[in-house]
Amino acid sequence: MQDAVPARDSRPAIRSRPIDIGEAARRVGVSAAALRLYEKRGLLPEPLRSANGYRQYAEEHLRRARLVRRARRMGLSLAQIAQAMGRDGERACLQRLLRAHVERLEREARRIARVQRHLKRWLADTGQ
């Protein structure tokens, strides 16, 4: 009979000094509450915990949190980010999502340009 192989922990291993939530938040440029929300939404894997129960972040957590922060700053919702990150071929899915977002922004920019031209004509017609 073969020995049972222990289940692999899917959480990233801490390779360097463990980073607490405050330091992780500072390095990523978000609040500690944002990191907890990212974890709750499945955007970050569950971090390891210290003996006293504090979250201990690895570099992989910081990399993913930076990706989420960057996507949020580009206007993507957490749901869109989670959808992209949760699929196989994460990078390809994220690229499709980003391309679609760029197309939406380009359409919006064209709409705003039309409104701006209309307003300038209207202003000119009023004698200003």
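Here, each number is a calculation from the coordinates, and none is a lab measurement. A quick note: this is a predicted structure, and the numbers were derived from the prediction, not measured. Every residue, glycine as well, gets a Cβ built from its backbone with ideal geometry; the counts of neighbours run over all protein chains shown.
Residues in region 34-57 that are exposed (fewer than 14 other Cβ atoms within 10 Å of the Cβ) and of a type in the set (Gly, Ala, Ser): Gly42, Ser50, Ala51, Gly53.
Checking each residue of region 56-79 against the condition of being in contact with an Asp or Glu (Cβ under 8 Å, 6 or more places away or on another chain) and either of a type in the set (S, T, N, Q) or closer than 17 Å to Ile21 by Cβ (or both) gives at least one match.
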